[in-house]
1. Could you please rank Val204, Val129, placing first whichever residue has the fewest other Cβ atoms within 10 Å of its Cβ?
2. Can you compute the FRET efficiency between Ala67 and Asp297 using 1/(1 + (r/R0)^6), with r the Cβ-Cβ distance and R0 = 25 Å? Round to the nearest 0.05.
3. For Val178, which sequence-distant residues (separation of 5 or more, or a different chain) have an amide H within less than 5 Å of its own amide H, given hydrogens modelled in the peptide plane?
4. Test of understanding: what is the full-extension gain from Phe377 to Gln79, defined as 0.36 nm times their sequence separation minus their Cα-Cα distance?
5. Quick one: Met402, Met82, Met194, fewest Cβ neighbours within 10 Å first, how do they rank?
6. Longest exposed-loop-site-free stretch of the chain, with GluC sites (Glu not before Pro), DSSP loop and at most 12 other Cβ within 10 Å?
7. Please give the contour-minus-distance gain from Arg355 to Ala394: 0.36 nm per residue of separation, less the Cα-Cα distance, rounded to one decimal in nm.
8. For the stretch 371-428, state which trypsin sites (Lys or Arg not before Pro) are in a DSSP loop and have at most 10 other beta carbons lying within 10 Å of their beta carbon.
Amino acid sequence: MTDHRVSRRRFLTDASLGTAGGVLAGTVSVSGATAGSLAILGGDPVRTRPFAAWPPVRADIEESLVATFRSGRWGRALQGPMQGSGQVAEFERRFAELIGAESCLSTGSCTQALHTALHAVGVGAGDEVLVPPCTFIASVQAILMCNALPVFADVDPGTFQMDPDKLEPLITEHTRAVEPVHIAGLPCQMEKIMSVARRRGLKVVEDAAQAPLAEFQGRKCGTFGDLGCFSFQSSKVIACGEGGALVGDDPELVERCYTFHNMGLSARDGSATIGTKYRMDEFDAALVMPQLATVGDQTQVRNDNAAYLAARLDEIPGIVPQRLHRGVTRGTYYLFGFRYLNEHFREASRAQFLRALRAEGIRFTTMYFDRLNQQAFIEHALSSPTFRKIYSSARLRRYREMNACPVNDRLSSEGVWLPQTALLGDRKDMDDIANALAKLHEHRDQLVKL
Ligand SMILES: Cc1ncc(COP(=O)(O)O)c(C=O)c1O
């Protein structure tokens, strides 16, 4: 079993680094699949079947939900993280065990978990937090909600993850924390990030919203930093309507998080401090609990399919799959991403390419926001009365000057992403995806006319 896992992991890393293309070269036979004209121009689409439905509507999850409803206990136990009975407390105990952390606190979302975690490690007005620009808006909003400045550390062009070498030059006397984001559920280079953070006395809050069960050097994402935050929003690999959790090895720190998320009321002595209400309810815990038994196998399926797909895509000119850092031992693959290099497609725009791909029955998307670091909401925050009270105009000017991420700018115009549900199928599904892309390349002359 162990040997199998190790060799699979090695295969995954190697495949995603592009060295396994030769191993699978024999499978890259696209001639039959690419015959005919593009579906958008009236040809037969490569695929007509949908991918797996999500969130998982399953009988065991329904039973769990109904049992909670009938129990009449709809709110969590209020004895502290992982304490007492009920679905939420039990979920916290089981999730901590699954992730390999000492302690866990559930929340109403990952955005809430991030806000809580940043607050608990001491991020506040006047501070700066290093965060990558290739992420969802929530990673940044959590920093702004602490009245702190998100300082964008550019990404690595191969892995699309926060580049650890970009951190050091951005650190100032105001830097309080680093917030690495395991984008797509693929681990950041946590060894280097932790080494910079520890050397410079910075706190680390991992945004592992997309990364339950992802591992770097055999250790789960979310357990490297002071706290790690997860999302169970309905598109995520463990899904309820809205839900989240944070994990950590310092029970005192997680207790502080509990107090903040419980309107500032301590579960230990009832004393009060500043806080808000971010509690998970029993229904969300009832929805996610049965999924803890299946998330491992599903993650395995996605990893195997992603390795196969990456190797096939390596054979198509102009399609460059997201790479894994050496040291990644498992991905979550909440997303499967690649760069679309249009010089290999007669300069057809990404929009033209995506339209044609959709017509073939494969729905890739762009990232949530192109150039997140340049989005207007950041400027809105900086020019708000609150921020103007905290930050001098000279400081904000310096901040704006520092806010440049050329690698992410390019990724923003080239990145293309597939949701995790497409990776839950079988080899035939992966072949459909690869064949559709190969077909577009073969018919690239037609793409520019769309
Ligand atoms: C990277 C990242 N961080 C944070 C979040 C926020 O999670 P939630 O929707 O649970 O608040 C998400 C959600 O998509 C995410 O993808």
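Read-outs throughout are calculated quantities, based only on the coordinates presented, and are distinct from any laboratory measurement. Model, not experiment: these values are computed from the prediction. Neighbour counts run over all protein chains shown; Cβ positions are idealised from the backbone, glycine included.
1. Details: Val204 22, Val129 26.
So the residues, fewest neighbours to most, are Val204, Val129.
2. On the way: r = 24 Å, r/R0 = 0.94.
E between Ala67 and Asp297, to the nearest 0.05, is 0.60.
3. HN-HN under 5 Å from Val178: Leu130, Lys203, Val204, Val205.
4. Details: separation 298, 0.36 × 298 = 107.28 nm, distance 3.77 nm.
Full extension from Phe377 to Gln79 adds 103.5 nm.
5. Numbers: Met402 14, Met82 24, Met194 19.
Fewest to most other Cβ atoms nearby, the residues stand as Met402, Met194, Met82.
6. Numbers: sites that count: Glu173, Glu347.
Value returned for the longest uninterrupted segment is 174-346.
7. 9.5 nm
8. Values: sites: Arg371, Arg388, Lys389, Arg395, Arg397, Arg398, Arg400, Arg410, Arg427, Lys428; in loops: Arg371.
Passing sites in the stretch 371-428 do not exist.
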